């Protein structure tokens, strides 16, 4: 009786995970596919406003904020529509048909609000071409950027990312073996200099 009461079920010891918590990879994916492009569009819009010819008429701060807001809205709507199409079609993230459909729908909606029916047709074509071109260029450049990041940011023995200078850089961070070899060379040169001075004094 005592032994039966002392036994604990493993299900009672481990608390069940909360069903409302989303896995980190899911949040990171949507952050990378929607949030970051939207913020990048806002930054690019602000940069365009800085060199806009209307900055003297409307003011630098006002025109930069206007461009940043408009381009961020466009980027957010397009990226959100692209991911909605991808989930609805259950397609691969690199399927460019998602970009075409998202570009047409986003351009038609925003163009309709901006310039009526003619604006919807015009903007739908522009958004489809521009969005698909941007996504295609991103897919082609992503391996190159990842390779450059791996060459600059290496990993230590624990698998943690650490900054690493490229091989062509004149400044290099030495590891323990390289530091030991450098110290040995310095000690050897120092001893040679001391012996040279002593030989000169004796002569």
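The values are calculated or read from the model by the stated rules, or taken from the named source; none is laboratory data. As the structure is a computational prediction, the values presented were derived from the model and not from experiment. Cβ sites come from the backbone with ideal geometry, for glycine too, and all protein chains shown count toward neighbours.
Couple of notes before you dig in:
- In summary, residue 137 fulfils each of the numbered conditions (1) surrounded by fewer than 19 Cβ atoms within 10 Å (Cβ to Cβ); (2) closer than 22 Å to residue 32 by Cβ; (3) touching a helix residue (DSSP H, G or I) at 6+ places or on another chain (Cβ under 8 Å) with the single exception of condition (3).
- Condition met for residue 108 (assigned by TED's automatic domain parsing to the domain that holds residue 81, in contact with a helix residue (DSSP H, G or I) (Cβ under 9 Å, 6 or more places away or on another chain) and at pLDDT 65 or above): yes
- The lone exception for residue 85 - which of (1) loosely packed, with under 15 Cβ neighbours inside 10 Å; (2) within 24 Å of residue 138 (Cβ to Cβ) it fails: (1)
- Among the residues of segment 46-67, those that are outside any helix (DSSP H, G or I) and surrounded by fewer than 16 Cβ atoms within 10 Å (Cβ to Cβ) comprise 51, 53, 54, 59.
- Taken together, the criteria place residue 43 among residues that are touching a residue at least 24 places away in the same chain (Cβ under 8 Å) and exposed (fewer than 15 other Cβ atoms within 10 Å of the Cβ).
- Residue match in segment 140-154 (condition: out of contact with any helix residue (DSSP H, G or I) (no Cβ under 7 Å at 6 or more places or on another chain), at pLDDT below 80, part of a strand (DSSP E or B) and over 20 Å from residue 37 (Cβ atoms)): yes
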